[in-house]
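The values are calculated or read from the model by the stated rules, or taken from the named source; none is laboratory data. If you're wondering where the values come from, they're calculated on a predicted model, not measured in any experiment. Here the Cβ positions follow ideal geometry from the backbone for every residue, glycine too, while neighbour counts run over all protein chains shown.
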Amino acid sequence: MARYSSLFKVATPLESFRQRLGDVLRSCDCDVIYDEDDYMVAREVPGRVTYSRLVTIEVLIDRAFETDEGVQMNVVVKNEELPLSQDNHCRRMFNQLYDAFTTTNRWDLIESIPAV
């Protein structure tokens, strides 16, 4: 199973954070399939790759660091593909999501730590 993770601290109004997060995920061709207070799951839209290569994105929102000014979240990108090479589909999707999270205008990035 391929698995890549990253930690993000972003400055955004809390009341619109979940909507903004969903927008960023959708911009990467992922649909939100589960949404709770401190946890969101998105799945890559089928059609481009086989089902075993479809990526699941888990976003764990750290309530201990949540303030009126910002949010800390741990993002895990994974699929059932064996990471036999450095350039696999899960890694490419992780890079796409990492770029989207760090360059979006939906929030101000405070810190990002790729913990691949």
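For the stretch 47-115, which fully contained strands (runs of 3 or more DSSP E) count at least 2 residues that are surrounded by 18 or more Cβ atoms within 10 Å (Cβ to Cβ) and of a type in the set (Val, Ile, Thr)?
Output list reads 56-62, 70-79.
Do the conditions hold for THR12, that is, is it over 12 Å from the mean Cα position of the chain (by Cα) and closer than 19 Å to LEU109 by Cα?
yes
Find all pairs meeting these conditions: Cβ atoms under 7 angstrom apart; at least six residues apart or on different chains; first residue within the stretch 95-116 and closer than 12 Å to VAL77 by Cβ; second residue among the β-branched types (Val, Ile, Thr) and outside any strand (DSSP E or B).
Going by the 7 Å Cβ cut-off, the qualifying pairs are ALA100/VAL24; PHE101/VAL24.
If GLU58 passes every condition in (1) among the charged types (D, E, K, R); (2) over 13 Å from PHE17 (Cα atoms); (3) at pLDDT below 95 but one, which one does it miss?
In the conditions (1) among the charged types (D, E, K, R); (2) over 13 Å from PHE17 (Cα atoms); (3) at pLDDT below 95, GLU58 misses (3) alone.
Looking at the stretch 1-46, which of its residues are of a type in the set (Gly, Ala, Ser), under 14 Å from LEU97 (Cβ atoms) and either assigned to a loop (DSSP other than H, G, I, E, B) or in contact (Cβ under 8 Å) with a residue 40 or more places away in the chain (or both)?
Of everything in the stretch 1-46, those that are of a type in the set (Gly, Ala, Ser), under 14 Å from LEU97 (Cβ atoms) and either assigned to a loop (DSSP other than H, G, I, E, B) or in contact (Cβ under 8 Å) with a residue 40 or more places away in the chain (or both) turn out to be ALA2, SER5, SER6, SER27.
Considering only the stretch 73-82, I want to know if a residue exists there that is of a type outside the set (Val, Ile, Thr) and free of Cβ contacts under 8 Å to residues at least 40 places away in the same chain.
Scanning the stretch 73-82, I find no residue that is of a type outside the set (Val, Ile, Thr) and free of Cβ contacts under 8 Å to residues at least 40 places away in the same chain, so the answer is no.
Of all residues in the stretch 21-38, which are closer than 22 Å to ILE113 by Cβ and at pLDDT 95 or above?
LEU21, VAL24, LEU25, SER27, CYS28, CYS30
When the residues of the stretch 12-37 are filtered to those that are of a type in the set (Gly, Ala, Ser) and surrounded by 13 or more Cβ atoms within 10 Å (Cβ to Cβ), which remaining residue is farthest from LEU54 (Cα to Cα)?
Filtering the stretch 12-37 for residues that are of a type in the set (Gly, Ala, Ser) and surrounded by 13 or more Cβ atoms within 10 Å (Cβ to Cβ), the one farthest from LEU54 (Cα to Cα) comes out as GLY22.
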